[in-house]
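For reference, the structure is listed below as structure tokens.
Throughout, read-outs are computed from the coordinates displayed, never taken from laboratory work. Since the model is a prediction, treat every value here as computed from it, not as a measurement. Neighbour counts are summed over all protein chains in view; Cβ atoms, including those assigned to glycine, are modelled from backbone coordinates with ideal geometry.
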Amino acid sequence: MVSKLKHRKRRALLAEVANGATLAFANAERLFAEAKLLASEGSVARALFLHQISLEECGKIELLGAWAVSISANVRVDETKLMKAFANHKAKNSANAYMLEISEVEKIARANKD
């Protein structure tokens, strides 16, 4: 009985995480659409700002995906750290760009702790 309750709790939490990812993606799409409208009217700086926020929303999806895997594998996650990552722009941007190759300029900047 205990394992079934744990299983039910995990399934409910997974459903909640999946819903969060769906909402984050929908928000990213809306932000991107609004950015395109701004760009078409010549407001490029504002468009880029909204686009950056849309990319951060996609970064949330990456973080939620990692959490979903942990839930599925029955690995405990420190939810306090996870919430801090959601609030941290660098964490979301890093999660979103982890597959990009690091440029030479960035390598130099990292070496110089810049």
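Details
- Within the range 37-77, backbone nitrogen closer than 15 Å to the virtual label 7 Å beyond the Cα of residue 83 toward Cβ: 77
- Inter-label distance, nm, simple model (7 Å from Cα along the C-beta direction), residue 69/residue 48: 3.3
- Given 10 as the ceiling on other Cβ atoms within 10 Å, longest exposed-site-free region of the chain for GluC sites (Glu not before Pro) in DSSP loops: 42-100
- Candidate values (i) 0.95; (ii) 1.10; (iii) 1.02, label of the one derived for Rg/Rh (Cα atoms, Kirkwood Rh): (ii)
- Here the dipole of the chain is about 800 debye; that uses its Cα centre as origin and unit charges on the Cβ of Lys and Arg (positive) and Asp and Glu (negative).
- Under the criterion of Cα pairs below 8 Å and six or more residues apart, the relative contact order for the range 2-111 equals 27 percent.
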